[in-house]
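The values are calculated or read from the model by the stated rules, or taken from the named source; none is laboratory data. Computed from a predicted structure; not experimentally measured. Cβ placement follows ideal geometry from the backbone for every residue including glycine, while neighbour counts extend to all protein chains displayed. Protein only, heavy atoms only, side chains kept; ligands, DNA and RNA dropped before computing areas. Shrake-Rupley method; radii C 1.70, N 1.55, O 1.52, S 1.80 Å.
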Amino acid sequence: MAGRILIVDDAMFMRGVLRRILEQSGYEVVGEASNGIEAIEKYKELKPDLVTMDITMPDMTGLVAVKAIKEIDSDARVIMCSAMGQNAMVMEAIKNGALDFIIKPFQASAVLEALRRCQIYGSRDNI
């Protein structure tokens, strides 16, 4: 599957770190959102192949947003991003439909491995 990705995180710095990892690996970042409400709107507008979703955000958490996105599109692919020690929230996110999770701070190898597990490939992947 192609690599059109929507990045959702309330921290602009974290979105930037993730964008650099993804773009350097041949993925296309089609949009960014800073909370769950924006994520849902951008998902409907952009129809990305995958969403990276922070758990803890203002206005609407990633836990609520992933559930809403899965209601819009049951085939939506979402990877949760969490800080250390958020295991219970990660498990709830997976119960709500997330496919995988990445721990912050982001390590390029862990991010790329999670995308491969979800069968999302960048233009530089040899498949």
Exercise for review: Principal axes first, then extents: for the Cα atoms of the chain, list largest minus smallest coordinate on each axis, whole Å, largest first.
Suggested key: 36, 31, 25
Review point. Using a Gaussian network model of the chain with C-alpha springs under 10 Å, which one of LEU112, LEU46, LEU22 is most mobile by mean-square fluctuation?
Key: LEU46
Check your understanding: Where only protein heavy atoms count, and the probe is 1.4 Å, what is the accessible area per residue for the chain in Å²?
Key -> 50 Å²
Review point. Toward the positive end of the charge dipole of the chain, about the Cα centre and with charges on Cβ (Lys, Arg +1; Asp, Glu -1), which of ALA33, ILE21, SER74 goes farthest?
Key: ILE21
Review point. Within straight cross-link reach of LYS104, meaning Cα distance under 24 Å, which lysines are found once same-chain residues fewer than 8 apart are removed?
Key: LYS42, LYS67, LYS70, LYS95
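Counting only helical runs of four or more DSSP H residues, what would the 222 nm mean residue ellipticity of the chain come to if each run contributes -39,500 (n - 2.57) and the total is spread over all its residues?
-13000 deg cm²/dmol
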Check your understanding: Using 7 Å Cα-to-Cβ label points, what is the ASP59/GLU92 separation (nm, one decimal)?
Key -> 2.1 nm
Check your understanding: Using bins 10 angstrom wide from zero, how does P(r) for segment 25-84 break down, in % of all Cα pairs?
Key -> 24, 59, 17, 0
